Amino acid sequence: MVLTDTAAALAACPDLVAAADEAYPLDFTDPAACAAWAVSYAERHPVHAVVGFREYAVVAVAETAAALGLRGNDPVAVRRVRSKDACREFLRAAGFAQPELRLCSEPAEAAAFLAAQAGAPVIVKPRDRCNSEGVRLVHDPAALPAAFEQARDADGLVLVETFVEGAEYSVEGLFTDGVPRALAVTAKKLSTGSFVESGHTMPAPLPDALLEDVTTQVEAALTALGLRTGPFHVECWTTPRGVVLGEVHVRQGGDGIHALLEWCHPGLELYGSWLDDLLGRPVSLPAGAHPARGAAVRFLVPPAGTVREVSGWEEAAAHPAVLTAATTLAPGTEIRSGGSNSDRYGMLMVGTERPGEAGTLADQLLDSVRVGVVSPEASPPAEAARGTSGRDASQRTTPAR
């Protein structure tokens with residue numbers, strides 16, 4: 001196995017580098033350079049497959065596979081889904097329900113779009129970032145300039161789209177022989193007042209007819225987009241007017257979703273199946289998006305401020321259904337206001353034998369973890385005991401969600 005990544009990433013992961021046969025520093029945000037390096041390497045060594053696991057690397061993976069004549073996704077199709085506005089307009093033209101959108105270069109354009117929504121809010125977001133970075137819900141025109149600046153791309157453009165009212169899900173699956181195969185639908189939880197994802201539950205509690213509608217729409221959209229290899233993670237909403245497709249990702253789901261998928265389908269090896277398909281080997285996948293078991297992950301997203309105390313964590317993490325647990329919270333930890341999925345401070349992942357039990361258990365365990373936080377507006381420590389309950393009103397002890 002040959003491992004490539006940025007020099008900084010390789011330096012930060014010595015164990016991973018040691019597990020590889022060879023490792024080379026390479027900038028995955030420069031697809032042309034990656035392809036040129038791979039072609040040069042292939043002149044001296046056989047190369048059978050190209051894989052990548054990051055959102056920002058998918059174009060480089062497609063370009064490199066194409067340059068080597070190996071199985072992979074069409075670079076044109078991958079570039080299309082990496083640009084949210086291009087993907088939205090392509091799917092709309094193909095007959096799939098999409099949010100209305102405008103690509104804006106100035107806040108005034110976004111303000112005009114907001115004014116046309118008859119009082120409904122809009123979403124202001126970057127065209128090609130991930131992890132909910134720079135995504136804001138805007139009701140008030142006065143808030144548009146700040147949101148706009150956070151979302152500008154290198155060309156000075158910002159995507160503004162209508163807010164979709166509905167339950168949010170994602171569909172996880174894998175291509176085999178060029179055909180998309182949905183393996184599960186995941187229900188999403190969002191932090192209050194933001195788009196930071198606070199949890200995922202698999203399988204989503206959907207009636208069979210709606211599950212079939214969601215997975216059929218996603219598989220049809222992936223086919224229309226011209227994608228053909230690898231894992232996929234496609235977001236969507238269920239609304240009174242039907243399924244509305246969200247963002248399309250030609251990679252595995254983040255936030256541990258790939259691990260949830262393997263727990264829910266005992267015996268599934270997502271990455272092994274992906275590699276087998278790239279090598280032209282037969283792949284056997286579970287039939288349909290009906291997992292045999294349940295799994296859920298919940299993230300610790302406390303309010304902004306300084307952590308005063310954490311209680312209940314060890315007990316929650318020791319529960320026999322917990323598959324993995326980790327936190328960076330400790331007294332003195334400075335909590336940022338949750339502006340992206342990077343502003344989370346731990347996670348609990350559970351697995352259950354019955355598909356419908358994981359989400360409830362994960363919520364119960366998270367609720368048992370208490371995080372005391374001194375808000376940024378708090379008085380000096382000597383004043384901290386003030387308050388009706390013996391705790392200053394600016395000190396909050398809250399569930400970890």
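The values are calculated or read from the model by the stated rules, or taken from the named source; none is laboratory data. Just so we're clear, the structure is a prediction, and the values are computed from it rather than from any experiment. Because the Cβ atoms are built from the backbone with ideal geometry, glycine has one as well, and the counts that use them run over all protein chains shown. Remember, those area values only see protein heavy atoms, side chains included, never the ligands or the DNA or RNA. Shrake-Rupley method; radii C 1.70, N 1.55, O 1.52, S 1.80 Å.
Quick notes on this one:
- Rg over Rh [alpha-carbon atoms, Kirkwood Rh] for segment 178-295: 0.95
- Calculated diffusion of the chain, Stokes-Einstein form, Kirkwood radius summed over Cα pairs, 37 °C and 0.692 mPa s, µm²/s: 143
- Enclosing the Cα atoms of segment 1-133 in their convex hull gives a volume equal to 145 cubic angstrom per residue.
- Spin-label model, residue 43/residue 19: points 7 Å from Cα along the beta carbon direction are separated by 3.3 nm.
- Net lengthening on full extension, residue 1/residue 337 (0.36 nm per residue, minus Cα-Cα): 117.0 nm
- Here the chain is treated with +1 on each Lys and Arg Cβ and -1 on each Asp and Glu Cβ, and its dipole about the Cα centre works out to around 380 debye.
- Computed from the C-beta positions of residue 109 and residue 12 and an R0 of 30 Å, the FRET efficiency is 0.15 to the nearest 0.05.
- Per residue, the accessible area of the chain comes to 45 Å² when a 1.4 Å probe rolls over the protein heavy atoms.
- Distance between modelled label sites at residue 116 and residue 29, nm, 7 Å Cα→Cβ extension: 3.3
- Over segment 246-295 - Rg/Rh using Cα atoms and the Kirkwood inverse-distance radius: 0.98
- Cα convex hull of segment 28-102, projected area averaged across orientations, nm²: 5.8
- Loop exposure criterion: chymotrypsin sites (Phe, Trp or Tyr not before Pro), DSSP state outside H, G, I, E and B, at most 16 other Cβ atoms within 10 Å. Applied to the chain, the longest stretch between such sites is 164-401.
- Amide H partners (placed H, <5 Å) of residue 6, local residues excluded: 26, 28
- Selection from 34, 375, 13 lying farthest towards where the dipole of the chain points positive, charges on Cβ: 375
- For residue 212 and residue 239, the difference between the fully extended length at 0.36 nm per residue and the C-alpha to C-alpha distance is 8.2 nm.
- Seen against the Cα atoms of the chain and their longest principal axis, helix 58-68 is set at about 10 degrees.
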